[in-house]
Amino acid sequence: MIEFQNVSKTYPNGTKGLKDINVTINPGEFVVIVGLSGAGKSTFLRSINRLHEVTEGEIFVGGTSITKANGKQLRRMRRDIGMIFQQFNLVKRTTVINNVLSGRVGYHSTFRTMLGIYPKADTELALQSLERVNLVEKAYTRSDQLSGGQQQRVSIARTLAQEAKVILADEPVASLDPLTTTQVMDDLKKINQELGITTIVNLHFIDIARQYATRIIGLNAGEIVFDGPVEEATDQK
Ligand code: ADP
Ligand code: ADP
């Protein structure tokens, strides 16, 4: 489903973010990427939806090269890829449901979405998505009145309203306390199991990775230094 073929990323200043990565992630996997700060986790994740352009090699998503996709193809492919950020990336001054509905943007004309006009079916889907993360009662609350953990669960609901087939989560719990970390990771795991959404999560901490992943990929200095089932993962970070 997601395949890296000889992928390298050299930033304009010469820093090597990724070095000759070859890896395949299958549909429905829950993969955690671990590694120290600067190991290349974020570069790896953001290469998949081309928030970063790789400088060598090719990445395939669902059998199609995203590396070679043109503008229109890229927009179509990005619909299938939901992204979750450390700082939630919600529009703070609007309601929770408007944030979840923004997952639908790629499905409609810019004109409609600029005016915030969504079909009724989208609103229903947004409410269902909020139900999955147990936040439907917050649908009409302003986003910035929610706790950090709740905001992150709204961003998970946004990827569900997007009908993403893949979720990329870049340090989704790095700014959360242990309790809300568990809630967010539990939601990601539940969605992976119930909906079969392929999930790739970057984490600093191997102990959280061990609790949730079915597969751990360890990165160090832009290279894969470990790739295997959780049981085999050692204490290296
Ligand atoms: P991680 O997510 O594991 O902390 P990153 O993927 O952010 O690692 O970074 C990998 C390497 O690439 C680091 O050496 C980092 O400093 C460098 N890097 C990341 N983004 C850029 C950039 N835009 N320009 C130059 N170097 C970068
Ligand atoms: P991409 O082409 O993959 O989208 P860029 O290489 O254009 O990303 O990154 C934009 C700029 O951000 C870089 O040229 C660099 O100046 C700056 N930058 C961001 N993160 C880092 C980092 N960790 N180290 C050095 N520069 C960085």
Output the residues belonging to region 40-69 that are among the hydrophobic types (A, V, I, L, M, F, W, C), open to solvent by 40 Å² or more (accessible area, probe 1.4 Å) and away from ligand 1 (no atom under 11 Å from the Cβ). 60
Being in contact (Cβ under 8 Å) with a residue 24 or more places away in the chain, at positive phi and not polar (S, T, N, Q) is the filter here; which residues of region 2-31 pass it? 20, 28
Would region 59-74 turn up any residue that is over 24 Å from residue 189 (Cα atoms), among the basic types (Lys, Arg) and without any contact (Cβ under 8 Å) to a residue 12 or more places away in the chain? yes
Do any residues in region 33-52 that are more than 19 Å from residue 212 (Cβ to Cβ) and outside any loop (DSSP other than H, G, I, E, B) have Cβ atoms under 7 Å from those of residues that are within 8 Å of ligand 2 (Cβ to nearest atom) and charged (D, E, K, R), where the two are at least six apart or on different chains, and which pairs are they? 43/9; 47/9
Within region 18-39, take every residue that is over 23 Å from residue 64 (Cα atoms) and open to solvent by 10 Å² or more (accessible area, probe 1.4 Å) and give me the one that is farthest from ligand 1 (Cβ to nearest atom). 36
Which one of these is in contact with a Gly (Cβ under 6 Å, 6 or more places away or on another chain), within 15 Å of ligand 2 (Cβ to nearest atom) and over 18 Å from residue 198 (Cβ atoms): 43, 55? 43
Got a sec? Which helices (runs of 4 or more DSSP H) wholly within region 70-186 have at least 3 residues that are open to solvent by 20 Å² or more (accessible area, probe 1.4 Å) and touching a helix residue (DSSP H, G or I) at 6+ places or on another chain (Cβ under 8 Å)? 71-79, 120-132, 148-161
Residues located in region 187-219, provided they are open to solvent by 80 Å² or more (accessible area, probe 1.4 Å) and either within 14 Å of ligand 1 (Cβ to nearest atom) or more than 28 Å from residue 158 (Cβ to Cβ) (or both): 205
Can you say whether residue 140 is more than 24 Å from residue 1 (Cβ to Cβ) and either touching a residue at least 40 places away in the same chain (Cβ under 8 Å) or in contact with a strand residue (DSSP E or B) (Cβ under 8 Å, 6 or more places away or on another chain) (or both), as far as the supplied structure shows? yes
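The values are calculated or read from the model by the stated rules, or taken from the named source; none is laboratory data. On a predicted model such as this, the values are computed, not experimentally measured, just so you know. Note: ideal-geometry Cβ built from the backbone for every residue, glycine included; neighbour counts use all protein chains shown. The accessibility values were calculated without ligands, DNA or RNA, using every heavy atom of the protein model including side chains. Shrake-Rupley method; radii C 1.70, N 1.55, O 1.52, S 1.80 Å.
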